[in-house]
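Notes follow the structure.
The values are calculated or read from the model by the stated rules, or taken from the named source; none is laboratory data. Because the structure is predicted, anything quoted here is derived from the model rather than measured. All Cβ positions, even for glycine, are placed from backbone atoms using ideal geometry, and neighbour counts span all protein chains on display. Heads up: the accessible areas ignore ligands, DNA and RNA and are worked out on the full protein's heavy atoms, side chains in. Shrake-Rupley method; radii C 1.70, N 1.55, O 1.52, S 1.80 Å.
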Amino acid sequence: MIKLQCKTDSGYIQIMRNQTNISYRFTPNDSLYKIVKVYHLNHMIYNKGITLNLHSTTFQLGIWYEFDKDGKLVKES
């Protein structure tokens, strides 16, 4: 797994790549929430949504969007 972490003026960015996908997580400064986007290895979006900013678990909030390998929306949950 490849992992990149960076602190910016507006928040914290974490990018990870493994054998199945690429994930991007952005946490704005002083936020309880984290924006999560996961991509297929062909760089098309796989899913996206918002989670609580917890280190021990991922608690999904609101609507999450899932896409096929061509980037077409297939599910909202």
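Please give the per residue accessible area of the chain, computed with a probe of 1.4 Å over protein heavy atoms only, in Å².
Working: 5640 Å² over 77 residues.
Using a 1.4 Å probe on heavy atoms only, each residue of the chain averages 73 Å².
Charges only on Cβ, +1 for Lys and Arg, -1 for Asp and Glu: so what's the dipole of the chain about the Cα centre, in debye to the nearest 20?
Numbers: 10 positive and 6 negative charges, 40 e Å.
Rounded to the nearest 20 debye, it is 200 debye.
Not counting the cut sites, what is the longest span of the chain without trypsin sites (Lys or Arg not before Pro) that DSSP labels loop and that have at most 16 other Cβ atoms within 10 Å?
Answer - 1-68.
Taking Cα atoms of the chain, Rg/Rh with Kirkwood Rh, to two decimals?
On the way: Rg = 12.8 Å, Rh = 13.1 Å.
Rg divided by Rh gives 0.98.
Using only alpha carbon pairs under 8 Å that are at least six residues apart, calculate the relative contact order of the chain and give it in whole percent.
Values: 165 pairs, mean separation 13.6, N = 77.
About 18 percent, as a whole number.
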Review point. Leaving out ligands, DNA and RNA, what percent of the accessible area of the chain is carbon and sulfur, probe 1.4 Å?
Key: 55
